[in-house]
Amino acid sequence: MYRNRIIPCLLLKDKALVKTVKFDKPRYIGDPLNAVKIFNDKGVDELFFIDIEVSKQKKEINFDLLSKIASQSFMPLGYAGGLRDISDMKRIFSIGFEKISLNSSVLNDPGLVTKAAETFGSQSVLVSIDVKKDLFGKYFVYNHVLKKNTSLNPIDYAMKIQNLGAGEILLNSVDNDGVMKGYDLVLIKKVASSLSIPVVALGGAGTSDDLRKAVDAGASASAAGSLFIFYGPNRAVLINYSYGNTL
């Protein structure tokens, strides 16, 4: 039977773990290698890392750090951030990551999705779609590098990405990021119902019930950051994973 996955999603910035709120004000969380060890012990389904600075600053991917992460991980790993060409992707896979996710590079070169899928297989290639509402509540694909909305409709864009060969969509709500008041279930339902490939929901989870609601809305997996990092009303840093492996 198919299992709906629960995926901790961790943000990297300058070799450290951080957490943002609405894609802004990254807060230092700790050491990524320590987090990997904790999640190993918790037996999570998979772990996803997103480097939030490498594309914005046009830096080189920190392959050395990623190699250390992969060497200490007992679970499947995914990575996003600064993947500009097939050679970058090959190197990520060669050091032990099972999945890659493309984002801003696809906005500039949609054909990169097809090249990646043909080279590595669709099952290994995700595309992250960041979505933000405008002042009138209308959804648009958000460009995190330029820090502004594009003119792209997220449903149409997701369908295009599917047709280009992506095996999965990572759907991230900018407005809900780090707020811990629940996913944008309307957005999840609209996108997931339009696709035949899996959708991973990200942005807003604050309780285990939120994880389930995302699946009920059509997501194939629930990803979260703050939920697995913070504890209590004061948001003390305490990496945790006590929600089981299935929904």
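The values are calculated or read from the model by the stated rules, or taken from the named source; none is laboratory data. Predicted, not measured: the structure shown is a model, and the values here were computed from it. Neighbour counts are summed over all protein chains in view; Cβ atoms, including those assigned to glycine, are modelled from backbone coordinates with ideal geometry.
Quick notes
- Here the helices (runs of 4 or more DSSP H) wholly within segment 103-171 that include at least 3 residues being surrounded by 16 or more Cβ atoms within 10 Å (Cβ to Cβ) and not hydroxyl-bearing (Ser, Thr, Tyr) are 111-120, 154-164.
- The set of residues from segment 76-87 being surrounded by 16 or more Cβ atoms within 10 Å (Cβ to Cβ) and either under 16 Å from the mean Cα position of the chain (by Cα) or more than 20 Å from Ile129 (Cα to Cα) (or both) comprises Pro76, Leu77, Gly78, Tyr79, Ala80, Gly81, Gly82, Leu83.
- Residue-level check: of (1) in contact with a Ser or Thr (Cβ under 9 Å, 6 or more places away or on another chain); (2) outside any strand (DSSP E or B); (3) β-branched (Val, Ile, Thr), Ile6 misses just (2).
- Here Ser94 does not qualify as small (Gly, Ala, Ser) and surrounded by 16 or more Cβ atoms within 10 Å (Cβ to Cβ).
- For segment 182-196, filtering for residues that are assigned to a loop (DSSP other than H, G, I, E, B) and surrounded by 16 or more Cβ atoms within 10 Å (Cβ to Cβ) leaves 4.
- Remark: pairs (first residue in segment 177-189, within 17 Å of Ser128 (Cα to Cα); second residue of a type in the set (D, E, K, R) and in a loop (DSSP other than H, G, I, E, B); Cβ separation under 6 Å; 6+ apart in sequence or on different chains) = Asp177/Lys22.
- Any hit, segment 56-70, residues being at positive phi and either surrounded by fewer than 18 Cβ atoms within 10 Å (Cβ to Cβ) or modelled with pLDDT of 95 or more (or both): yes
- Counting only residues that are of a type outside the set (Asp, Glu), outside any loop (DSSP other than H, G, I, E, B) and in contact with a strand residue (DSSP E or B) (Cβ under 8 Å, 6 or more places away or on another chain), segment 49-76 holds 6 of them.
- Residue satisfying condition, being out of contact with any strand residue (DSSP E or B) (no Cβ under 6 Å at 6 or more places or on another chain) and charged (D, E, K, R), within set Lys115, Lys132: Lys115
- Unique residue being of a type in the set (Lys, Arg), over 27 Å from Asp31 (Cα atoms) and in contact with a Lys or Arg (Cβ under 9 Å, 6 or more places away or on another chain) when the list is Lys132, Lys56, Lys115: Lys132
- Out of Asp51, Asp24, Asp41, one residue alone is of a type in the set (Asp, Glu), surrounded by 20 or more Cβ atoms within 10 Å (Cβ to Cβ) and more than 19 Å from Thr119 (Cβ to Cβ). It is Asp51.
- Among the residues of segment 20-48, those that are part of a loop (DSSP other than H, G, I, E, B), out of contact with any strand residue (DSSP E or B) (no Cβ under 7 Å at 6 or more places or on another chain) and within 29 Å of Lys132 (Cβ to Cβ) comprise Lys22, Phe23.
- Candidates Gly167, Gly137, Gly203, Gly178, filtered to the one that is more than 16 Å from the chain's Cα centre (by Cα) and not hydrophobic (A, V, I, L, M, F, W, C): Gly137
- Within segment 140-164, the set of residues being more than 15 Å from the chain's Cα centre (by Cα) and aromatic (Phe, Trp, Tyr) comprises Phe140, Tyr157.
- Val179 being assigned to a loop (DSSP other than H, G, I, E, B), at pLDDT 95 or above and surrounded by fewer than 16 Cβ atoms within 10 Å (Cβ to Cβ): yes
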